[in-house]
Amino acid sequence: MAKQESDAKTPRRRRRSSEEVADRILEAAAEEFEQSGYSGATTAAIARRADVTEAQIFRFHASKQDLFRAAIFTPLNRHFADFQARSVADLESGKAGKDLARAYIGELQDFMASHSRMFMSLIVANTYSPEAADAITDLDGLQAYFEKGKAMMSARIEGDAPVSSELMVRVSFAAVLANLMFRDWLFPPGLASDKDIREAIATFVIEGIEANGPVGEGRGEVLSH
């Protein structure tokens, strides 16, 4: 009788839908991969974090690699696509060349800062477990970013450029990414304000790009593509 009363007082746990379970797994996986890296994260730890069983994880994802791509790779690709769509709208806003370039680089810095943990997870995975991120070229949003940047640079260059447009846009992207990802190493406290660092990065990138010609020329040609 006492057991029946105890059971009656214990609230029943609400049954979670498949969608809720799938969402919890992806959220927990993203947190675990970001915290422990690809090699350090385990499906057992992810299961505990999500309050599910490992069997439930493998019901949705065939492997740890598949789970990594779903938790980190897929959202990052979506974020890149969103950023690319906004940048195209900026190109049509009528801003002056250097103003647009500086605003664009500033937005790129904001974007990378917002998703820095995803970037770091992807970088670490690619370094220590390349099988987990062996198709970074599948990031359609990133490839679209590179293609748009290449078109922008190519449109304002007459004849042969000192640096190819495709290489220049990738090097510029790498400069922004590296300055953000290794910020604590590169900029000790007291060296410069956040604003000064951001301005220095933007100036560095713009002046580097201008090795191929002044920023802002050929803008109409880019927009007509």
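The values are calculated or read from the model by the stated rules, or taken from the named source; none is laboratory data. Predicted model, so just to flag it, every value in this text is computed and none were measured. Glycine gets a Cβ as well: all are built from the backbone with ideal geometry, and neighbour counts include every protein chain shown. To get the accessible areas, we keep the full protein, side chains included, count just its heavy atoms, and leave off ligands, DNA and RNA. Shrake-Rupley method; radii C 1.70, N 1.55, O 1.52, S 1.80 Å.
Observations on the structure shown:
- Neighbours by Cβ (under 6 Å, 6+ apart or cross-chain): first from the stretch 18-42, under 20 Å from Glu131 (Cα atoms); second among the charged types (D, E, K, R) and open to solvent by 60 Å² or more (accessible area, probe 1.4 Å): Glu32/Arg49; Glu34/Arg117
- Selected residue (criterion: farthest from Ala22 (Cα to Cα)) from residues of the stretch 49-83 that are surrounded by fewer than 18 Cβ atoms within 10 Å (Cβ to Cβ) and small (Gly, Ala, Ser): Ala81
- The condition of being under 20 Å from Asn126 (Cα atoms), of a type in the set (Val, Ile, Thr) and over 20 Å from the mean Cα position of the chain (by Cα) holds for Thr42.
- From Ala174, Ala161, Ala178, Ala133, residue being at pLDDT below 80, open to solvent by 30 Å² or more (accessible area, probe 1.4 Å) and of a type outside the set (Val, Ile, Thr): Ala161
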